[in-house]
Amino acid sequence: MAKGRVAERSQTRALQTTPPGDRAAGTQGPTAPGSRDHLKEKACAEAGSARTSLLILVSIFLSAAFVMFLVYKNFPQLSEEERVNMKVPRDMDDAKALGKVLSKYKDTFYVQVLVAYFATYIL
């Protein structure tokens, strides 16, 4: 009976020291590919990955929205005819009008115009 317990202990230690699912050793742990536990762990890992991805996506969006809000709040006051030209240009005429407005303000408010340009077109 003592020999049986020693044999059980050695088998238990062999299972514990070999990685789960080690095919070369001929053992399969509880997370062997194809077992239910493995599928549950995989689903949990994928759910965590999806949550992390979603969290990253939402944080990027909120950061960009916050930067655009700061640009809007710190940009100098524009007259009504200048405000009409402050839009994403659709053609060359819109781009020229926007360039004229920005060139007027870049001497006085260089940092604000540079940050607004970077945030709008690069981000």
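The values are calculated or read from the model by the stated rules, or taken from the named source; none is laboratory data. If you're wondering where the values come from, they're calculated on a predicted model, not measured in any experiment. FYI the Cβ positions are ideal-geometry reconstructions off the backbone, even for glycines, and counts take in every protein chain you see.
When we screen Pro33, Pro19 for residues that are more than 30 Å from the chain's Cα centre (by Cα), modelled with pLDDT under 80 and not charged (D, E, K, R), the only hit is Pro19. Search the range 78-91 for residues that are under 15 Å from Val113 (Cβ atoms) and pair each with any residue that is modelled with pLDDT of 85 or more when their beta-carbon atoms are under 6 Å apart and the residues are at least 6 apart or on different chains. Qualifying pairs under 6 Å: Glu82/Val101; Asn85/Ala97; Asn85/Leu98; Asn85/Val101. Considering (1) modelled with pLDDT of 65 or more; (2) in a helix (DSSP H, G or I); (3) of a type in the set (A, V, I, L, M, F, W, C), the lone condition that Ala7 does not fulfil carries the number (1). The numbered conditions (1) aliphatic (A, V, I, L, M); (2) touching a residue at least 24 places away in the same chain (Cβ under 8 Å); (3) loosely packed, with under 13 Cβ neighbours inside 10 Å are all true for Val115 except (3).
Restricting Val58, Val84 to those that are among the β-branched types (Val, Ile, Thr) and modelled with pLDDT under 90 reduces the list to Val84. Residues in the range 82-94 that are assigned to a helix (DSSP H, G or I) and surrounded by 13 or more Cβ atoms within 10 Å (Cβ to Cβ): Glu82, Asn85, Asp94.
For Glu46, are the conditions met, namely being of a type in the set (Asp, Glu), loosely packed, with under 14 Cβ neighbours inside 10 Å and either part of a helix (DSSP H, G or I) or at pLDDT below 85 (or both)? Outline the logic, then answer.
Details: of a type in the set (Asp, Glu): yes; loosely packed, with under 14 Cβ neighbours inside 10 Å: yes; either part of a helix (DSSP H, G or I) or at pLDDT below 85 (or both): yes.
When the stated conditions are applied, Glu46 passes them.
Applying the selection to the range 93-112, what residues are under 35 Å from the mean Cα position of the chain (by Cα), more than 24 Å from Leu62 (Cβ to Cβ) and without any contact (Cβ under 8 Å) to a residue 12 or more places away in the chain? Hits for the range 93-112 are Asp94, Ala95, Gly99, Lys106, Tyr110.
Restricting the search to the range 61-81, which residues are under 13 Å from the mean Cα position of the chain (by Cα) and modelled with pLDDT under 90? Walk me through it before giving the result.
Filtering the range 61-81 down to residues under 13 Å from the mean Cα position of the chain (by Cα) leaves 61-64.
Residue satisfying the conditions is Ala64 alone.
Candidates Lys104, Lys73: the one that is in a helix (DSSP H, G or I) and loosely packed, with under 10 Cβ neighbours inside 10 Å is Lys73.
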